Amino acid sequence: MLVRVPDYFDQFQCLAGACPHTCCEKWEVVIDQESAAFYRTVSGDLGDKLRSALQVDGDGDVCFPLNGGRCPFLDEDNLCEIHRKLGEAATSVTCREHPRFTEDYGPFREITLSASCPAANALLLGSKAPLTFRAFETEEPEEDGDEWLTYLLPLRERMLDLLRDRNRPLKSRLASFLTLALAAQDCLDDDCPEELPEVEPDAPHPAGEGLFPGALSFLGTLEVLDPDWPALLKQAETAEPGTAPEELLERIAVYFAFRYLLKAVNDGDLLGRAELVVFAVLTVERLAGLCGLAEALRRFSCEIEHDDGNLEALLEAFTADDTLSPERFLAELGQ
């Protein structure tokens, strides 16, 4: 099977106890069934602790509920007690895979490293070179993929190249990226994916009000991970946007585009995911003026990428909320 990853993928190394934002805090740790069955067989004091910690949450998932905002197995050195005493293989699938986002498309697989992770975040923002992706083969058998992939894959490559075209200002590239998605969405809505290779974007005509501050107000209505997130959004409503290097904002755009655009194969919503890309870049840019680019990206990733409900609500709002319409996006990019 073909696997695609970011060009910095092999450089990733968990910071473990030195991590300033450990992934064992704030998020409930979901336990896969195989790991849960193993934990029920562990002997001694650790086994007793494992069995007493295992619970079923409201969604029916087996989990370790947080204790004071921390996983009950996160020790005083910010290291995992299960990992230290039983080895990495004894940790749950969630813990072993984080911060990797894995998408299986049938004939190929794509893996990204979440920007919520400080180590992965530093790799993404640690270079001003255009972000690229490499592919390698595994011995796993390929499976059949959706026929739309034949057309969506080259379209995504075209959209990534558009974002990486440094002969134009970034906001101009983002506007063209969005208008190309608008034209491509018409093809998908008409069930004519074979027309995607020939689709051309209309010239953007920005007019009217932009996205902000309304976009920040909308984010404040979503589920909150960090208690101070709403206050940061409120402060950003009146603060000046950050002045981050275009090369780094471009890398953020390419990160989101690579991760999300192909997922349109599941529901046909290419435009919503293209809007997500632009929304992420513009929001992170505004927050960067308050907390720095890396922290702004980390916070946005935590609140949106790691909460399926928030992500779904945002995608739905792009369709239903006039303050997040394509026209508002283009007006924002034209200002």
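The values are calculated or read from the model by the stated rules, or taken from the named source; none is laboratory data. Please read all numbers here as calculations on a predicted model, not as lab measurements. Cβ coordinates were reconstructed from backbone atoms using ideal geometry, including for glycine residues, and neighbour counts include every protein chain displayed.
Okay, here's what the table says:
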| read-out | value |
| --- | --- |
| Residue match in the stretch 231-239 (condition: farther than 16 Å from VAL284 by Cα, out of contact with any strand residue (DSSP E or B) (no Cβ under 6 Å at 6 or more places or on another chain) and surrounded by 15 or more Cβ atoms within 10 Å (Cβ to Cβ)) | no |
| Residues of the stretch 276-314 classified as part of a helix (DSSP H, G or I) and either touching a Gly at 6+ places or on another chain (Cβ under 6 Å) or not hydrophobic (A, V, I, L, M, F, W, C) (or both), total | 15 |
| Only one of GLY87, GLY44, GLY58 that is exposed (fewer than 13 other Cβ atoms within 10 Å of the Cβ), of a type outside the set (D, E, K, R) and at pLDDT below 85 | GLY58 |
| Every pair of residues 6+ apart whose Cβ atoms lie under 9 Å, when the first sits in the stretch 128-146 and is on the phi < 0 side of the Ramachandran plot while the second is aliphatic (A, V, I, L, M) and part of a loop (DSSP other than H, G, I, E, B) | GLU137/MET1; THR138/MET1; GLU139/MET1; GLU140/MET1; PRO141/MET1; GLU142/MET1; GLU143/MET1 |
| Within the stretch 85-102, tally of residues that are in contact (Cβ under 8 Å) with a residue 40 or more places away in the chain and part of a strand (DSSP E or B) | 1 |
| Filtered residue count, the stretch 1-32, keeping only those that are part of a loop (DSSP other than H, G, I, E, B) and not hydrophobic (A, V, I, L, M, F, W, C) | 9 |
| In the stretch 33-43, residue farthest from the chain's Cα centre (by Cα) [restricted to those that are part of a loop (DSSP other than H, G, I, E, B) and polar (S, T, N, Q)] | SER43 |
